[in-house]
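Here the structure is laid out as structure tokens; the discussion comes afterwards.
The values are calculated or read from the model by the stated rules, or taken from the named source; none is laboratory data. Quantities reported herein were computed from a predicted structural model and do not represent experimental measurements. Positions of Cβ are generated from backbone atoms using ideal geometry, with glycine treated the same way; all protein chains shown enter the neighbour counts. All accessible areas refer to the heavy atoms of the entire protein, side chains included, with ligands and DNA or RNA removed. Shrake-Rupley method; radii C 1.70, N 1.55, O 1.52, S 1.80 Å.
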Amino acid sequence: MSNGTREHWSGGLGFTLAAVGSAVGLGNMWRFSYMAAENGGGAFVFLYIVLTALVGLPVMLAELTLGRGSQKSPIQALVHYGGDAWRPLGALFVAAGFVILAYYSVISGWTVRYAVEAALTGFPQDAGAHFGAIASGYPAVAWHLVFMGLVSFVVSGGIASGIERVSVALMPLLGVLVLGLAAYVTTLDGAGEGYRYYLTTDFREVLDFGVLKDAAGQAFFSLSLGMGAILTYASYLGRDRNLPKEALLVAASDFGVAFIAGMVVFPLVFALGVQGDVSASTLGALFVTLPKAFAQMGGIGRVIGGLFMLALVVGALTSAISLLEVVVSSAIDGLGWARRSAAWVCGGAIALLGVPAGMSLDALGLMDQIGGNLLLVLGGLVLSLFVGWRLGERALEEGEVGGGNRAVLRLWLFMLRFVVPPVLLIVLWYSLKESAALVIKLFS
Ligand code: PHE
């Protein structure tokens with residue numbers, strides 16, 4: 001597709017809401033609370049904030065610059081600026097999109113199911129057994145397929161009339177839901193314990209490289225970085241936008257929602273006395289402890305729980321859309337496919353890849369470790385080196401289009417060159433070690 005006929009956002013807040021929609025999702029609630037619980041709360045949150053600012057923001061701006069400058073999907077964008085040698089690294093992004101969406105959709109399926117159950121039958125008392133029964137197996141696969149159908153449908157509608165329309169309608173709703181829930185939990189007896197657990201930091205833990213690795217992976221996952229999702233959205237952006245400003249807006253919104261979601265989750269967990277379950281079942285923490293809390297709260301719990309699950313569904317949907325769009329836009333640009341067939345064929349292939357994640361939690365956890373931690377961090381490293389060293393000054397020029405501030409951009413380039421790569425190399429090393437250990441454990 002030539003630049004002249006490339007689709008574009010219709011303007012206004014369309015791009016911003018879609019990008020925030022991509023960033024805000026299960027990562028902010030499910031993954032954030034499970035990672036925080038696994039890594040000792042406050043120390044993790046602290047590192048996550050530092051890494052979002054020092055590493056996440058620069059990489060976000062790198063993706064925005066590459067996407068808008070080239071007006072192309074990830075593989076083509078790298079080839080456009082770097083030549084054919086970069087094609088395999090672009091393909092890595094598309095592969096990450098495949099893997100992440102495949103299991104992300106399984107978890108999204110759980111949330112849709114919980115939301116429907118809240119409306120129809122309420123939350124069962126035995127939340128642990130219920131989660132065990134629905135998390136894997138044929139029903140999980142069935143809900144996963146339903147969810148992938150919905151995602152493919154939206155993406156087949158295109159940028160302005162599919163993705164943008166859904167984001168503009170749903171993101172404000174998500175904001176209202178999360179704020180309303182946070183206000184409600186302040187009224188619960190015992191919420192203070194939860195705030196304390198969430199917000200106090202044990203700085204000895206900060207020095208642990210395992211925590212650093214998880215915090216970095218989480219920053220990338222939550223900001224939708226390292227696999228070209230933001231790049232792809234930016235490729236539909238006009239040259240009138242101020243990219244540093246957009247990067248800040250998206251990152252701040254994502255962090256804001258993650259932070260406030262924590263202000264919902266932890267007080268609920270502590271007020272209802274279900275904190276023991278958080279560390280017992282990490283991956284499913286959110287889907288066991290919270291339904292348990294909702295069930296104990298009686299009628300109001302069903303309303304609050306239903307709204308919470310609705311917020312999760314909205315977040316999951318707008319994020320999943322951006323994951324599929326990476327793959328679909330690559331098929332459109334690279335293979336010349338029509339959008340509609342690209343959406344359904346790619347969506348179908350990803351749905352198939354998700355079946356193992358739907359059948360086994362171990363497979364799901366492994367895909368999250370490899371897709372959500374390893375590939376994203378690797379992608380971030382590639383992006384920072386590419387924009388920092390290969391594009392260099394050229395990136396500054398593109399950043400200035402639309403009003404980017406020169407001094408800010410200079411600082412950005414410095415970060416991309418000298419700060420981001422070493423940090424990500426360390427993280428990558430630990431991530432590789434853990435992925436290898438996980439694979440060995442799973443197959444021995
Ligand atoms: N950021 C999304 C979330 O937090 C997940 C995501 C990751 C989306 C990578 C796109 C790319 O749920």
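Is there a residue in segment 139-157 that is hydroxyl-bearing (Ser, Thr, Tyr), farther than 21 Å from ASP254 by Cβ and open to solvent by 30 Å² or more (accessible area, probe 1.4 Å)? Scanning segment 139-157 turns up no residue that is hydroxyl-bearing (Ser, Thr, Tyr), farther than 21 Å from ASP254 by Cβ and open to solvent by 30 Å² or more (accessible area, probe 1.4 Å).
Condition check ((1) open to solvent by 30 Å² or more (accessible area, probe 1.4 Å); (2) polar (S, T, N, Q)) across all residues:
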| site | (1), (2) |
| --- | --- |
| ALA160 | yes, no |
| VAL166 | yes, no |
| ALA169 | yes, no |
| LEU173 | yes, no |
| LEU179 | yes, no |
| THR187 | yes, yes |
| ALA191 | no, no |
| TYR198 | no, no |
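Within segment 234-260, the set of residues being buried (at least 24 other Cβ atoms within 10 Å of the Cβ), within 14 Å of the ligand (Cβ to nearest atom) and over 14 Å from the mean Cα position of the chain (by Cα) comprises just one member, ALA234. When segment 121-151 is filtered for residues that are modelled with pLDDT under 95, more than 18 Å from SER360 (Cα to Cα) and not in a loop (DSSP other than H, G, I, E, B), only ALA127 remains.
Listed by position, the helices (runs of 4 or more DSSP H) contained in segment 152-248 that have at least 3 residues being more than 26 Å from LEU376 (Cα to Cα) are 165-185, 191-199. Residue pairs whose Cβ atoms lie under 6 Å apart, sitting 6 or more positions apart in sequence or on different chains, and linking a residue in segment 164-190 that is closer than 27 Å to LEU272 by Cα to a partner that is outside any helix (DSSP H, G or I) and modelled with pLDDT of 95 or more, do not occur here.
Listed conditions (1) touching an Asp or Glu at 6+ places or on another chain (Cβ under 7 Å); (2) assigned to a helix (DSSP H, G or I); (3) surrounded by 22 or more Cβ atoms within 10 Å (Cβ to Cβ) are all met by GLN76, apart from (3). Might you check whether a residue that is modelled with pLDDT of 90 or more, more than 16 Å from the ligand (Cβ to nearest atom), of a type in the set (Lys, Arg) and part of a helix (DSSP H, G or I) occurs anywhere in segment 332-339? Yes, because at least one residue in segment 332-339 is modelled with pLDDT of 90 or more, more than 16 Å from the ligand (Cβ to nearest atom), of a type in the set (Lys, Arg) and part of a helix (DSSP H, G or I). Among the residues in segment 102-113, are any open to solvent by 10 Å² or more (accessible area, probe 1.4 Å), over 20 Å from GLU398 (Cα atoms) and touching a residue at least 12 places away in the same chain (Cβ under 8 Å)? Yes, some residue in segment 102-113 is open to solvent by 10 Å² or more (accessible area, probe 1.4 Å), over 20 Å from GLU398 (Cα atoms) and touching a residue at least 12 places away in the same chain (Cβ under 8 Å). Would it be correct to say that TYR34 is in contact with a Lys or Arg (Cβ under 9 Å, 6 or more places away or on another chain), aromatic (Phe, Trp, Tyr) and away from the ligand (no atom under 12 Å from the Cβ)? In short, no. The residues listed here are ALA133, ALA91; of these, the one that is free of Cβ contacts under 8 Å to residues at least 60 places away in the same chain and within 20 Å of the chain's Cα centre (by Cα) is ALA91.
Conditions (1) among the aromatic types (Phe, Trp, Tyr); (2) open to solvent by less than 10 Å² (accessible area, probe 1.4 Å), marked per residue:
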site: ASN39; (1), (2): no, no
site: THR52; (1), (2): no, no
site: VAL55; (1), (2): no, yes
site: VAL59; (1), (2): no, yes
site: THR65; (1), (2): no, yes
site: ARG87; (1), (2): no, no
site: PHE98; (1), (2): yes, no
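Looking across segment 94-130 at every residue that is closer than 25 Å to ALA229 by Cβ and aromatic (Phe, Trp, Tyr), the one that is nearest to the chain's Cα centre (by Cα) is identified as TYR104.
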